[in-house]
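Encoded as structure tokens, the structure appears first; notes follow it.
The values are calculated or read from the model by the stated rules, or taken from the named source; none is laboratory data. Everything numeric in this text was worked out from a predicted model, so none of it was measured. Quick reminder, even Gly has a Cβ in these numbers, built from the backbone with ideal geometry, and neighbours come from all protein chains shown.
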Amino acid sequence: MRKLIRRSLFLVNALTSLALLLSYLAAYIDPNDFLLPAFFGLGFVHLLIVNTVFFLAWLFVKPKYAIMSFIIVILCSSRLENHFSWSEPTLS
């Protein structure tokens with residue numbers, strides 16, 4: 001039973017990783033050429049959070065499964081500055 005649950009969770013993790021990659025590519029693919037990544041691009045931050053949670057969970061349960069999520073999160077983290085401001089506020 002545990003093996004089935006782990007495999008099911010890994011499948012869900014793989015699908016969310018694929019969705020995160022599609023959302024990452026949304027910035028580079030013109031929606032007029034291929035529309036699908038544009039829809040996934042709307043959920044980029046949410047998918048990144050889900051993959052980060054999967055990474056942390058797999059790190060404690062089955063560390064070798066965490067590698068996929070880690071690579072995907074690191075690859076996609078370069079787009080974070082498009083969604084969040086990391087600069088300090090300036091005082092006038």
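Numerical summary
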{"quantity": "Search result, residues across segment 14-68 that are among the β-branched types (Val, Ile, Thr) and surrounded by 15 or more Cβ atoms within 10 Å (Cβ to Cβ)", "calculated": "THR16, ILE29, VAL50, THR52"}
{"quantity": "For ARG79: the one exception among (1) out of contact with any helix residue (DSSP H, G or I) (no Cβ under 8 Å at 6 or more places or on another chain); (2) among the basic types (Lys, Arg); (3) surrounded by 12 or more Cβ atoms within 10 Å (Cβ to Cβ)", "calculated": "(1)"}
{"quantity": "Boolean, LEU22 is closer than 24 Å to ASN82 by Cα, without any contact (Cβ under 8 Å) to a residue 12 or more places away in the chain and under 14 Å from the mean Cα position of the chain (by Cα)", "calculated": "no"}
{"quantity": "Residue match in segment 41-58 (condition: within 18 Å of LEU75 (Cβ to Cβ) and assigned to a loop (DSSP other than H, G, I, E, B))", "calculated": "yes"}
{"quantity": "Residue match in segment 44-64 (condition: out of contact with any His (no Cβ under 8 Å at 6 or more places or on another chain), basic (Lys, Arg) and modelled with pLDDT of 90 or more)", "calculated": "yes"}
{"quantity": "Test: LEU36 is touching a Phe, Trp or Tyr at 6+ places or on another chain (Cβ under 9 Å) and of a type in the set (A, V, I, L, M, F, W, C)", "calculated": "no"}
